[in-house]
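The values are calculated or read from the model by the stated rules, or taken from the named source; none is laboratory data. None of these values were measured; they are calculated from a predicted model. Every residue, glycine as well, gets a Cβ built from its backbone with ideal geometry; the counts of neighbours run over all protein chains shown.
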Amino acid sequence: MKKIAILVLVLVIILVAYGVNSLFNSSSQNSLSTSVSKSNITMYFTGDVMMGRNVEGVLASGQNVFANVDEMFKNSDGAVINLEDPMTTSSTPYKSTIPLKANPAYAHVLKDNNIIVACLANNHIMDYGATGLNDTISALKTNGINYTGAGNNVDEASKPVYLNIKDRKIAILNYMDNTTFTGFSASEMAAATSSSAGYAPADTNLIKKDIDEAKKIRIW
């Protein structure tokens, strides 16, 4: 059985790789297959991507907010982003301090720029509660974009995205460590539990369990 490359993202990206050649310069809920030739894998990983607030006006004008990197992304095997705001039309924020959101109508911009995975474990994904989270998930699914890091319970939130690229298996896992954040209530920055929605918490035992399980998965 071939080894799986496992990418674990906790706020900033932490990589634990198995069997992937030159991951950076060569390199789900859903599985992704590509038909490109066998060679090095090229993937791009970004920090926060925020498509709300003043960015919406730029999107509405028809400009591509990824214009400076779109050629890189489109000529790669895919980009992975930290989606820093829920994509929802909800008008009921659950966070009183700088609640962020983006219009789900612009989710296609991610797909158009070869963004294949959206990581959701961050301090804004629950700004509009479970409604905002599920609107985000729906927008991503509609546009064929994989996601990880948040869900309606902890099992769903911590479920990896499995990619099949150039006959290599890659699992991407995403968690958030909230110990550095203060002044927010549990409802404003809710970690997923066995019975409630939220982001995947960066619990050592959970991460180890998920990695061990991901290493056993055959995705074709």
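Would you be able to say whether some residue in the range 69-89 is within 23 Å of PRO201 (Cβ to Cβ), of a type in the set (Val, Ile, Thr), outside any loop (DSSP other than H, G, I, E, B) and modelled with pLDDT of 95 or more?
Among the residues of the range 69-89, at least one is within 23 Å of PRO201 (Cβ to Cβ), of a type in the set (Val, Ile, Thr), outside any loop (DSSP other than H, G, I, E, B) and modelled with pLDDT of 95 or more, which makes the answer yes.
Those residues that are farther than 27 Å from ASN205 by Cβ, in a loop (DSSP other than H, G, I, E, B) and modelled with pLDDT under 95, I need them from the range 133-177; list them, please.
Those that are farther than 27 Å from ASN205 by Cβ, in a loop (DSSP other than H, G, I, E, B) and modelled with pLDDT under 95: LYS166, ASP167.
Take the residues of the range 108-165 that are over 12 Å from the mean Cα position of the chain (by Cα), among the β-branched types (Val, Ile, Thr) and farther than 13 Å from TYR199 by Cα: which is surrounded by the fewest Cβ atoms within 10 Å (Cβ to Cβ)?
THR142
Does any residue in the range 116-132 that is assigned to a loop (DSSP other than H, G, I, E, B) come within less than 6 Å, Cβ to Cβ, of a residue that is surrounded by 23 or more Cβ atoms within 10 Å (Cβ to Cβ) and basic (Lys, Arg) six or more places away or on a different chain, and which pairs are these?
Qualifying pairs under 6 Å: TYR128/LYS101.
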